[in-house]
Amino acid sequence: MKKIIVLLGGSKVGKTTTIENVYETLLQKGAVELKAKKTIWGTKSDFEVLLDYKKLKVAFFSGCGRRNLLEAAIERYKNKSDIFVCSLNNKFQNIGMSWLSASDSIFKIEKKSKTDADNDRATKEIINLI
């Protein structure tokens with residue numbers, strides 16, 4: 001995996017909404033699902049999916065509030081994706097060594113509020129990193 005992009009923020013600031021916006025934007029720009037989008041943890045909004053976008057494999061994993069679940073997702077996608085995009089509650093940001101061994105580069109983007117402007121800003125930052 002070349003990059004891990006982490007959207008960090010507190011509870012209910014729109015991290016999953018932003019990750020969904022990035023996913024939808026890439027689909028509009030021609031991305032194709034390699035692994036179908038599926039909801040996770042029995043929620044309506046949290047999801048994981050693997051896309052082919054401009055010859056890059058981009059994995060998404062949203063709504064992570066647990067360190068062990070995120071570490072498992074990183075392990076699952078590290079040999080299947082070039083870029084791993086995830087959201088993480090900032091109280092869990094010290095994940096551990098799996099981050100270092102899974103990626104050449106880790107990028108952290110702070111999600112500060114649930115406003116449309118902050119969602120748009122974070123969406124653009126993630127897309128620019130992809």
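Among the residues making up segment 11-58, those that are in contact (Cβ under 8 Å) with a residue 40 or more places away in the chain, under 18 Å from Ile126 (Cα atoms) and not hydroxyl-bearing (Ser, Thr, Tyr) are Val13, Gly14, Lys15, Ile19, Glu20, Asn21, Val22, Leu26, Leu56, Val58.
Would you confirm whether or not segment 3-22 contains a residue that is more than 26 Å from Thr115 (Cβ to Cβ) and not in a strand (DSSP E or B)? Among the residues of segment 3-22, not one is more than 26 Å from Thr115 (Cβ to Cβ) and not in a strand (DSSP E or B), which makes the answer no.
Only residues that are of a type in the set (S, T, N, Q), farther than 15 Å from Leu51 by Cα and open to solvent by less than 40 Å² (accessible area, probe 1.4 Å) were counted in segment 1-29, giving 2.
Per-residue answers, yes or no, for (1) assigned to a strand (DSSP E or B); (2) at pLDDT below 80; (3) open to solvent by 20 Å² or more (accessible area, probe 1.4 Å); (4) not hydrophobic (A, V, I, L, M, F, W, C):
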| site | (1), (2), (3), (4) |
| --- | --- |
| Ser62 | yes, no, no, yes |
| Asn68 | no, yes, yes, yes |
| Ala73 | no, no, no, no |
| Ser87 | yes, no, no, yes |
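I'd like to know if segment 101-111 contains one or more residues that are of a type outside the set (A, V, I, L, M, F, W, C), buried (at least 16 other Cβ atoms within 10 Å of the Cβ) and modelled with pLDDT of 90 or more. Yes, some residue in segment 101-111 is of a type outside the set (A, V, I, L, M, F, W, C), buried (at least 16 other Cβ atoms within 10 Å of the Cβ) and modelled with pLDDT of 90 or more. The lone criterion from (1) at pLDDT 95 or above; (2) open to solvent by 70 Å² or more (accessible area, probe 1.4 Å); (3) of a type in the set (Asp, Glu) left unmet by Asp52 is number (2).
The values are calculated or read from the model by the stated rules, or taken from the named source; none is laboratory data. What you see is a predicted model, and the numbers here were worked out from it, not measured in a lab. Neighbour counts run over all protein chains shown; Cβ positions are idealised from the backbone, glycine included. The accessibility values were calculated without ligands, DNA or RNA, using every heavy atom of the protein model including side chains. Shrake-Rupley method; radii C 1.70, N 1.55, O 1.52, S 1.80 Å.
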